[in-house]
Amino acid sequence: MHAENIPSLTVRKAADLLASREASSTELTNAVLNRISRVEETIRAFVTVTKDMAIKQADQADARIATGNAHQLTGIPMQLKDNMCTRGISTTCSSLMLKTYLPTYDATVTKRLFDEGAVLIGKGNLDEFAMGSSTENSAFFPTHNPWDGERVPGGSSGGPAAAVAAGECIYALGSDTGGSIRQPASFCGIVGLKPTYGVVSRYGLVAFASSLDQIGPLTKDVTDAAIVLNTIAGHDPHDSTSIPFDVPDYTAALGKEIKGLKIGIPKEYFVEGVQPEVRDAVNVAISVFENLGASVSETSLPTSSHAMAVYYIIAPSEASANLARYDGVKYGYSAADTGRMWDALDKTRQDGFGPEVKRRIMLGTYALSTGYYDAYYLKAQKVRTLIRREFDQAFDKFDAIVTPTTPTVGFKLGEKTSDPVQMYLNDIFTQPANIAGIPAISVPCGIADGLPIGLQIMTNHMAEDTLLQLAYAYEQATEWHLEHPQI
Amino acid sequence: MRLTSDEVKHVAHLARLGMSDDETELMRDQLSNILEQFKSLEQVDTKNIEPTGHSANLQSVMRDDTVEPSRPKKEILKNAPQVEDEFIRIRAVLE
């Protein structure tokens with residue numbers, strides 16, 4: 001097992017190697033650790049590398065494989081975004097506030113992966129508390145795009161996306177509140193899936209905007225996304241917004257013909273501001289669907305254009321409430337140099353949070369405050385109803401909606417840090433799916449100037465099967481998923 | 001709409017967020033620019049439209065109230081900034 005092979009090694013192939021005893025989990029894990037020691041200095045995708053734990057879990061996985069009791073994810077090294085709780089292992093949210101925090105329990109996703117014998121290789125860097133689109137808001141360091149070190153990997157799951165693309169893990173889990181899985185997947189040339197809200201438990205995911213947050217896989221291809229979703233999806237009594245349903249085998253949708261499926265192309269997603277190369281690549285991708293027998297027609301989602309305003313009212317409002325818990329009393333950073341309670345609280349939050357987190361707490365507090373609640377928060381919730389209704393109506397006519405994932409390819413580090421509004425515009429195509437609660441996936445669909453382009457597919461609530469079916473059909477008809485960065 | 005410095009200070013107080021004068025001024029500019037983006041919502045007719053809180057269509061989710069062991073005290077106390085004996089120490093609330 002050579003470290004150089006890791007960037008192209010999928011979960012499915014790795015599982016085959018382990019099952020046929022061509023490689024052990026220990027060999028695979030060591031190869032990934034070698035790869036990390038070689039490239040991590042330039043990528044910086046990890047807040048923590050859990051080497052000792054990985055070696056121990058790999059050893060346990062080998063024992064399990066030997067008994068013939070292995071699962072597809074047994075023994076395969078993965079990274080978790082550092083906002084998912086891991087018992088006794090630092091979970092920082094890339095914030096000074098939680099720099100020393102050691103969770104006393106595992107998130108449900110962590111537990112499900114561990115139960116199947118997964119190997120945790122480390123915790124992935126993110127924009128502080130998952131607020132951002134470039135991973136530059138990490139309080140520790142920015143992550144670099146494996147395709148071009150001067151470019152951002154996207155965010156907020158920039159660490160997980162970069163780690164998968166650079167071969168520092170076989171797959172990763174990210175969280176997506178307004179595009180935080182799909183946008184970095186797009187920038188890093190990999191597959192990123194945000195499931196229907198409620199399909200994956202949020203228990204143990206450090207809360208940002210609870211009505212929008214959803215965990216999902218970042219993988220090298222669509223098959224891997226289906227495999228990982230099989231394990232993490234399902235009802236959880238610990239999350240009251242988790243949907244009770246029987247989890248299907250998501251891989252069953254792969255390889256089914258897409259002939260006759262109806263795809264809508266919303267004209268609002270091809271407006272000015274979309275990079276010409278991105279528009280062209282997506283148009284070529286649309287013709288691939290047509291060639292495979294899908295029927296494609298233009299449609300309109302006019303209320304979608306208000307998604308950004310809705311998102312930047314609802315998400316900060318929920319965040320301002322969720323982040324009220326950081327008071328420097330029970331856990332986390334605490335300003336030591338003052339004795340009075342209120343002063344200490346002010347100081348703890350002033351020093352513990354970074355600029356973007358403070359901006360969003362302020363924005364949310366403002367939108368919820370007396371005199372502004374109706375004009376901002378309530379108004380946004382009503383427009384949310386309209387956006388959701390618009391998608392419901394679209395899915396009466398179409399099986400899927402196809403758009404670019406992002407208006408541009410990955411931008412340069414520092415290019416948008418001084419202007420929050422410019423940074424926010426990155427997620428205009430991904431936010432509507434969170435607002436409506438529907439599943440969406442980004443798959444690689446081109447390369448412009450050496451940087452990957454992402455294609456977004458959205459389907460109706462709980463229609464992950466159709467989503468994966470279409471994404472897989474597209475992937476198999478093209479070769480973009482076989483491109484890897486040269487590092 | 002432009003916020004005043006006093007408005008920013010008031011919101012910072014509500015959020016219990018200490019803020020220097022420089023931070024207040026930067027925040028005033030940035031928040032004002034962001035609020036400007038929200039103006040587009042005024043064009044949307046939301047008469048008789050119910051608000052959506054979240055998209056999962058679930059209501060009053062209950063589970064059995066079963067007795068389970070609490071998480072280990074030692075691990076919880078390990079995270080606390082100030083500990084005294086087996087307790088989390090807090091700052092004086094009354095003076």
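Annotations
- The sole residue among A:98, A:126, A:80, A:102 that is buried (at least 24 other Cβ atoms within 10 Å of the Cβ), touching a Lys or Arg at 6+ places or on another chain (Cβ under 9 Å) and over 18 Å from residue A:228 (Cβ atoms) is A:126.
- Within region A:244-269, being modelled with pLDDT under 95 and either of a type in the set (A, V, I, L, M) or in contact with a Pro (Cβ under 8 Å, 6 or more places away or on another chain) (or both) holds for A:268, A:269.
- Looking across region A:414-432, the residues that are of a type in the set (A, V, I, L, M, F, W, C) and more than 10 Å from chain B (Cβ to nearest Cβ) come down to A:423, A:428, A:429.
- Of the candidates A:193, A:229, the single residue that is in contact (Cβ under 8 Å) with a residue 24 or more places away in the chain, assigned to a helix (DSSP H, G or I) and within 30 Å of residue A:87 (Cβ to Cβ) is A:229.
- Selection status of residue A:333, closer than 14 Å to residue B:14 by Cβ, more than 7 Å from chain B (Cβ to nearest Cβ) and assigned to a loop (DSSP other than H, G, I, E, B): no
- Within region A:134-166, the set of residues being in contact with a strand residue (DSSP E or B) (Cβ under 6 Å, 6 or more places away or on another chain) and open to solvent by 10 Å² or more (accessible area, probe 1.4 Å) comprises A:147, A:150, A:151.
- In region A:438-477, the residues that are among the β-branched types (Val, Ile, Thr), farther than 18 Å from residue A:187 by Cβ and open to solvent by less than 20 Å² (accessible area, probe 1.4 Å): A:438, A:459
- Residue check for residue A:304: at pLDDT below 95 and either within 30 Å of residue A:381 (Cα to Cα) or more than 7 Å from chain B (Cβ to nearest Cβ) (or both): yes
- Considering each residue of region A:49-56 in turn, at least one proves to be under 23 Å from residue A:132 (Cβ atoms) and modelled with pLDDT of 95 or more.
- Search result, residues across region A:381-424 that are within 24 Å of residue B:55 (Cα to Cα), part of a helix (DSSP H, G or I) and open to solvent by 10 Å² or more (accessible area, probe 1.4 Å): A:381, A:382, A:385, A:386, A:388, A:389, A:390, A:392, A:393, A:395, A:396, A:397
The values are calculated or read from the model by the stated rules, or taken from the named source; none is laboratory data. All values reported here derive from a predicted model rather than from experimental measurement. When we count neighbours, we look across all protein chains shown, and the Cβ atoms used for this are built from the backbone with ideal geometry, even at glycine. Surface areas here come from the heavy atoms of the whole protein model, side chains and all, with no ligands, DNA or RNA. Shrake-Rupley method; radii C 1.70, N 1.55, O 1.52, S 1.80 Å.
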